[in-house]
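Okay, structure first, notes after.
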Amino acid sequence: MVQLTNIYKQHGSQILFRDASCQILPGTHTGLVGPNGAGKTTVFRLIAGEEEPDTGEVILPKNKTIGYFSQEVGEMSGRSALEEVMATCGSTVHLAAEMKEMEAAMCEPQSDDAMAALLERYGTAVEEFEHMEGYDLDSRAQAVLTGLGIGPDRYNHPVESFSGGWKMRIALASILTFKPDVLLLDEPTNHLDVESIVWLEEWLSSEFNGALLMTSHDRDFMNRVVSRVIEVANTAVTTYGGNYDFYERERDIRLEQLIASHKRQQDMLAKEEEFIARFAARASHAAQVQSRVKKLEKIERIEIPAEEKIVRFGFAEPPRSGDDVAAFEGLGKVWMTPNGEEKPVFHGVTGMVKRLNKIAVVGVNGAGKSTLLKIMAGQIEATTGSMTIGANVEIGYFSQHAMELLDPRKSIFETMQDYMPLATIGQIRNLLGAFLFSGDSVEKRIENLSGGEKSRVVLATILARPVNFLILDEPTNHLDIRSREMLLETLKNFGGTIVLVSHDRHFLRLLVDRVFEVDHGEMRVYEGNYDYYLSKSHHTAGCR
């Protein structure tokens, strides 16, 4: 259906692709993976027609539609959420209006020939309208919006009233409702809660029959949705038949085989070069020497891709806190709206955080998860109830807002120096290496960093201090899979207490040992890991 053949593409001095080829086959669900900056977004833009290759060919299917969801949401204004979603299917809406006009014309007196021509045009329009699934457009748009967390009570709200994250959901709903023949999704799970992610998994698996190409930093989502993986790395494009876990295993096997082949070739080259050096000056061996020189010139050298080294940083053991880290009883929070109305978030929340607990706080968007974390961290006051922090507890708090507090003019290294004034250059570089900053990258200014890079800087500043109680609100947001694995290992080895909110189920499954669920203004405590919570709660079917 979609074919990229012998693509060469260069951005500035960086070569993204050299003789790269791949196919997106009809009806297949394919994951697009690779390091940041390797060219994943460029692949999307080539297929969407927003960029052209320097050389090579992009072959697109004729008379097929392509839908592209990216992280760049355009201007939205002048419509309700439902109207914005349906506007993407403009041709369908336009055709529906034409059919109504034709239906009205049929009621008017006209000649037999004119009526016959009108009926023929109407029949063609009906056939096309049915192909577009136009008859269920309205109900389809409503179902998609609801699945992504925008219920009937907000269908008619103006799009201007929605925050950036919710506008992303509206943009995603628009593409899904459109149901193109080729669907390109760039990080569709960003800004979604677990319920919406699970709904999207099921929709893509059961409702979408076209060709899908997607990126996602959510390992569970990738595993459940894709059956093929295309890797973009080292100017090459490589296809793997399987989900993300299969890709990781197969990639490692192929790398081992490549390293073994490289070693055999290096041994052979060394022997040939030794022979040439040894007998180059002897006339009796001149023919043999020349023959081997020509042989070496024709051999295509096996190259080992640059290794992505992960530095293991030995974090100091945090100071010991009391056994009771945080206790709260009868907590309630009420926000005041701009209109002066009270908006209750939760009430009567009671619980205890014990030393060395690793607790996930879960619940739908708007349930009050972040509010509860802010109260624990001392960022805001509860409206009712009491919160007690235990003896010798040192809190490290991460929120998305923390990224905005970084000084944009400073480099990554200078930022860390502010938090570690007594540390040596080597110690700071080692810590930054553990958070995937190495070499010259530590000199990058904060203002030039991506969201994921800023998140890693903030996390590094928190863990550089002697804290023993980490309160983390969406620390996995903006992080790619490799960064999430780094953070997961760091938190698993952390010798203190953790309370966190995250929508990454793989992350929670491997980290937490207790779950606090905030639901309909109340909190339930599950004394077990994330799988235990899923087995005991109403989320069992979708989240497993």
Check: aspartates and glutamates within cross-link reach of LYS295: Cα-Cα under 16 Å, excluding same-chain residues under 8 positions apart?
Finding: ASP267, GLU272, GLU273, GLU274
Notebook entry, point to check: Considering only the chain, what is the antiparallel percent among its DSSP beta bridges, to the nearest 5?
Noted result: 55 percent
Note to self: Taking the beta-carbon count within 10 Å as an exposure proxy, list MET102, MET336 from fewest neighbours to most.
What the structure shows: MET336, MET102
Check: What is the Cα convex hull volume of the stretch 324-543 when expressed per residue in Å³?
Finding: 135 Å³
Check: What whole number of Å gives the distance from the Cα centroid of the stretch 277-304 to the Cα centroid of the stretch 9-42?
Finding: 38 Å
Check: In whole Hz, what ³J(HN,Hα) sequence does the stretch 259-275 give by Karplus (6.51, -1.76, 1.60; θ = phi - 60°), x for Gly and Pro?
Finding: 5, 5, 5, 4, 5, 4, 5, 4, 4, 5, 4, 4, 5, 5, 5, 5, 4
Margin query: As a footprinting exposure proxy, order THR146, THR55 by other Cβ within 10 Å, with the fewest listed first.
Written below: THR55, THR146
Note to self: Taking R0 as 35 Å, what FRET efficiency do you get between LEU25 and GLU485 from their Cβ-Cβ distance, rounded to the nearest 0.05?
What the structure shows: 0.75
Item checked: Charge dipole (debye, nearest 20) of the chain; +1 at Cβ of Lys and Arg, -1 at Cβ of Asp and Glu -> 2840 debye
Checklist line | LYS358 long-range amide H proximity, modeled H, under 5 Å | finding: ILE498, ASP513, ARG514
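Going down the list LYS9/LYS271; LYS167/LYS454; LYS374/LYS444, which pairs span over 27 Å between their C-alpha atoms?
The answer is LYS9/LYS271; LYS374/LYS444.
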Margin query: Averaging over every viewing direction, what projected area does the convex hull of the Cα atoms of the chain cover, in nm²?
Written below: 35.8 nm²
Next item on the list: Let me know the shape class of the stretch 332-407, please: from the alpha-carbon gyration tensor, a ≥ b ≥ c as square roots of the eigenvalues, rounded when a/c is under 1.5, otherwise prolate if a/b is greater than b/c, or oblate.
Entry: oblate
Check: What is the extension gain from GLU381 to GLU300, computed as 0.36 nm multiplied by their sequence separation minus the C-alpha to C-alpha distance, in nm to one decimal?
Finding: 22.5 nm
Check: Once label points are set 7 Å from the Cα along Cα→Cβ at both ASP531 and GLN110, what is their separation, rounded to one decimal in nm?
Finding: 6.7 nm
Margin query: Can you give me the C-alpha center-to-center distance between the stretch 412-473 and the stretch 486-528, rounded to a whole angstrom?
Written below: 23 Å
Next item on the list: Pop out the ³J(HN,Hα) list for the stretch 518-533 in order, Karplus 6.51 cos²θ - 1.76 cosθ + 1.60 with θ = phi - 60°, rounded to Hz; leave Gly and Pro as x.
Entry: 9, 8, 6, x, 10, 10, 10, 10, 10, 8, x, 7, 5, 5, 4, 4
Item checked: Distance from the stretch 94-139 to the stretch 196-223 (C-alpha centre basis), Å -> 36 Å
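Only counting other Cβ atoms within 10 Å, I'd like THR124, THR497 sorted with the fewest neighbours first.
Ordered by Cβ neighbours within 10 Å, fewest first: THR124, THR497.
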Checklist line | Segment THR146-ALA97, extension gain: residue separation times 0.36 nm, minus the distance between their alpha carbons | finding: 15.0 nm
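Over the Cα atoms of the stretch 1-88, what is the Rg over Rh ratio if Rh follows Kirkwood?
Value, to two decimals: 1.03.
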Next item on the list: Using only the Cα atoms of the stretch 247-298, each taken as one equal point scatterer with no solvent, compute I(q) by the Debye sum, divide by I(0), and report log10 of the ratio at q = 0.14, 0.17, 0.19, 0.26 Å⁻¹.
Entry: -0.49, -0.60, -0.67, -0.92
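We did not get these values from a lab; they are worked out from the coordinates using the rules stated. Note that the coordinates shown come from a computational prediction; the quantities given were computed from them, not determined experimentally. As a convention, Cβ positions derive from the backbone with ideal geometry for all residues, glycine included, and neighbour counts pool all protein chains shown.
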